[in-house]
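One structure below.
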Amino acid sequence: MNKYLQTILDSYTGYFNYLLNEIQFPNWDNYFYGLIAMSLVVWILELLFPWRKNQAILRKDFWLDLFYLFFNFFLLNLILLIALSNITAQLINDFSGIFGLELTSIQLFAISDLPTPWSLLIFFLISDFIQWNVHRLLHIVPFLWKIHQTHHSVKEMGFAAHFRYNWMEPIVYKSILYLPIMIIGGVNVQDVFIVHFISIAIGHLNHANIGWDYGYLKYILNNPKMHIWHHSKKLPNKYGVNFGISLSLWDYLFGTNYIPSDGKNIELGFKNDHQFPQDFLEQELYPLKK
């Protein structure tokens, strides 16, 4: 038991020191300032090329979504996610040890052995496909949909809407991602950092007030004109459409794509969303209420 308590303690102190170092000493792969810089760039694009020209620069819930940015990307890691991740890894490692196994023994192959461009591409495709499936589950399973409703409570779309999600949502994603990623083997941390930032940039643009679809690339990359329909209040079926995270490819392959018009001024949200909490704390606790 002391080992697990030490793991929790090390997780808190380690991530706190890491975050403090990120803020005090910027460098080329700085996550803290990199995220802020990326957000500013996409916001400037919104101001230069607004799709909905009558939408206010500081749209509805703009400040709430910015708070979600810092909470979900930094504070939630400190409060819960890093410690939970490390404890899970320790438990799996100890459980495997009972049977004389090592985590590396369940790897089907190690993509880290491939040339870096190929390993990153495979890692990106596999993780994005898994997340596409998890995203569908968030819409299909009632309790998971209750968690995901926080993200769909956005009524005016802008880049910062990307950050609005319940604290339990990354736990769902990371839990389901953990085993498949472990099976294919790891890749270099700094290389994953590049893939992660590309995914965040695509996510920012998907939610931005920009009327882009990237031409023929729309059949591969998720885009604002496609993702707006994912947030539509009126949908052609019960569970939703356009589940792509970074790639639209999966929706076109599996028939969940839906873009009946440009979607510029459609109503966003979900049925009875007027009853959904408006403030941060109530939104965070909403899935736990009956």
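Here are a few things to note about the model shown:
- Cα-based shape type of the stretch 144-290, given that a ≥ b ≥ c are square roots of the gyration tensor eigenvalues and the cut on a/c is 1.5: oblate
- Among 111, 57, a tally of other beta-carbon atoms within 10 Å of each Cβ gives an order, fewest to most, of 57, 111.
- Förster-model FRET efficiency, 35 Å R0, residue 4 and residue 29, C-beta, rounded to 0.05: 0.70
- Reachable aspartates and glutamates from residue 3, criterion Cα separation under 12 angstrom, eight or more residues apart if same chain: 94
- Where GluC sites (Glu not before Pro) fall in DSSP loop in the stretch 214-290, at most 16 other Cβ within 10 Å: 267
- Of the residues 151, 274, 227, the one with the fewest other Cβ atoms within 10 Å heads the list, and the complete ranking is 274, 151, 227.
- Taking every Cα-Cα distance in the stretch 2-288 and sorting them into 5 Å bins starting at zero, the pair-distance distribution P(r) comes out as 1, 5, 10, 14, 18, 18, 15, 9, 6, 3, 1, 0, 0 percent.
- By the rule of a C-alpha distance below 25 Å, with chain neighbours fewer than 8 residues away ignored, the lysines paired with residue 238 are 146, 155, 218, 225, 264, 271, 289, 290.
- Distances between placed amide hydrogens fall under 5 Å for residue 268 paired with 233, all partners being 5 or more residues away or on another chain.
Any read-out appearing in this document is the output of simple, stated calculations on the displayed coordinates, not a laboratory observation. Quick caveat, the model's predicted, so the values are computed rather than measured. When we count neighbours, we look across all protein chains shown, and the Cβ atoms used for this are built from the backbone with ideal geometry, even at glycine.
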